Amino acid sequence: MKAFNRRSFLQGSIAAGAALSLGAGRAMAAETRLRMTWWGSQERAKRTQDVAKLYEQKVPDIAIVGEPLSGDAYWTKLSTQMAGRNVSDIFQLEPSTVSDYSKRGACMALDQFIPKPLDVEAFGPKMLDLCRVDGKIYGVGLGLNSFSMFYDTTVFAKAGIPVPTPETTWTQFAELAAELTKAAGKDQLWGAAYGARYAYVLDVWLRQRGKALFSPEGSIGFGVEDAKEWYAYWEDLRQKNICVSADLQTQDQNTIETNPLTRGNAVMGFTYSNQLIGYQAMMPNKLGITMVPALGGGAPSGHYYRPALIWSIGATSKHGEAAAAFIDFFVNDIEAGKILGVERGVPMSPKVREAILPQLNETERATVDYVNLLADKVSAYPPPAPVGSQQFDRDVVRKTADQVAFGNLSIDEAAQQLVDQGKAILRPK
């Protein structure tokens, strides 16, 4: 797979956005113009663009006008659109945001379009429930994924260190980080990322201990003592100088291009399994994928299957049925599936999944193998994330971790802040 550096990535993203915006000219002639907004890498933009073009060829009276964005800019624009009641006809969400935005009135209930034009019954009821909020379906999952840990196989091989496995414990992870940092012997390259900033890694950590990030009622699902243990673990790694330093870790904006793994600052990093394709496109060294470290001793893995990403329809869209028809094409058409591959997760549709398997390259196949590996290790999918979960991630989890790493908060102070501010932001049912 071709590797892109950060400059070519950004240039490619701009080019992809420009190419998609050309759909506006065609939209003048089409009967219906559908605006579609998402975030993601150049790889995702190109695949999405190609499926949109394919659909326009098959349905000439529809024009798809793409509006790709990156990182926090996406959520800022979505909030602006919500305020102006101008949310795109089709827009992208994720498991942690579908409940929040549907309850805030951004999403149209899709039940009215099922099974026609939106035929998703082959996915099975459990898959549909992944996007069900208060009894109604507010989105369609575009693929299955789970949390994961990526690692640079080249650095491991040169160091002569065995790669991590699904059985690797948190204690062993810390030992690996120390060995890799020493073996790499490079300035600003550490064995691991500073994982205290990642809410989903904290969720796995807590579930291994019988807790969770959120309670079933929609508040904090853990206590101050749990948070102390979490911060103490990561601070031990940071103080031993075996994980990424505070000044570099804070540059991670939860995008592929800002992750310390792609920036060359970490050998092991945390992310979502479907993103292996986007990460590999930016890195010359081959990446490996495995589970987030385990607690051990027969404890649960903490993992669960989740919809990698979600298409929703804007609540104020005047073209709900046309948008639903496009989403149906996106998730069910075999030609579209071959274009999309597994970049947004392993397809929900059994027929699409079967059709694309023979064409997958090594990296794409690795994401499928990983999802299959988890089959007997995952627990039940949790209730939808509560309203305020996105703000909790951005303004509490990340910022509190940064304050600890910079020495502005003690572990005890940070643990109390995480719980107190979480309770203040989240809105239980």
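Quick rundown of the values:
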quantity	calculated
Peptides 317-324, 233-240 ordered by average Cβ neighbours within 10 Å, highest first	317-324, 233-240
Among beta bridges that DSSP assigns inside the range 132-271, antiparallel share in %, nearest 5	70 percent
0 to 90° range, to nearest 10: angle between helix 6-21 axis and the chain longest Cα axis	20 degrees
Surface accessible to a 1.4 Å probe, Met291 within the full protein complex, Å²	10 Å²
Using alpha-carbon coordinates, inclination of helix 72-83 to the longest axis of the chain, degrees	50 degrees
Helix-only mean residue ellipticity at 222 nm for the chain, each DSSP H run of n ≥ 4 adding -39500 (n - 2.57), per residue, nearest 500	-13000 deg cm²/dmol
Farthest positive-ward along the chain dipole, Cα basis, beta-carbon charges - from Val404, Gln172, Gln253	Gln253
For Ser146, residues with placed amide H under 5 Å, excluding near neighbours	Ser273, Asn274
Selected from Pro350, Pro386, Pro95 as most flexible by GNM, with the chain as the system and alpha-carbon contacts under 10 Å	Pro350
Charge sum, other residues only, whose C-beta stays under 12 Å from Gly71's C-beta, Lys/Arg counted +1 and Asp/Glu -1	-1
Length released on extending from Ser379 to Gln188, taking residue separation times 0.36 nm less the Cα-Cα span	65.1 nm
Considering only the chain, percent of DSSP beta bridges that pair antiparallel, nearest 5	60 percent
Net charge contributed by nearby residues that have their C-beta within less than 11 Å of Asp328 (K/R +1, D/E -1)	-2
Solvent-accessible ranking of Leu118, Leu360, largest area first, probe 1.4 Å	Leu360, Leu118
Among Val59, Val352, Val163: highest mean-square fluctuation, GNM of the chain, C-alpha pairs under 10 Å	Val59
Whichever aspartates and glutamates have a C-alpha closer than 13 Å to that of Lys318, once near sequence neighbours (fewer than 8 apart) are set aside	Glu31, Asp89
Local net charge near Ala178, Cβ-Cβ under 14 Å (Lys/Arg +1, Asp/Glu -1)	0
Backbone HN-Hα couplings from phi across the range 321-328 [Karplus 6.51/-1.76/1.60, Hz, Gly and Pro as x]	5, 5, 5, 5, 5, 5, 4, 4
Helix 411-425 axis, angle to the chain major axis (alpha carbon atoms, nearest 10°)	20 degrees
Portion, in percent, of the accessible area of the chain that falls on carbon or sulfur, probe 1.4 Å	51 percent
For the chain, accessible area per residue (1.4 Å probe, heavy atoms of protein chains only), Å²	40 Å²
Over 23 Å between alpha carbons, listed pairs Lys377/Lys423; Lys126/Lys351; Lys53/Lys136; Lys53/Lys338; Lys182/Lys399; Lys77/Lys103	Lys377/Lys423; Lys53/Lys136; Lys182/Lys399
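The values are calculated or read from the model by the stated rules, or taken from the named source; none is laboratory data. These figures come from a predicted structure and were not determined experimentally. Positions of Cβ are generated from backbone atoms using ideal geometry, with glycine treated the same way; all protein chains shown enter the neighbour counts. The area values use the complete protein model at the heavy-atom level, side chains included, leaving out ligands, DNA and RNA. Shrake-Rupley method; radii C 1.70, N 1.55, O 1.52, S 1.80 Å.
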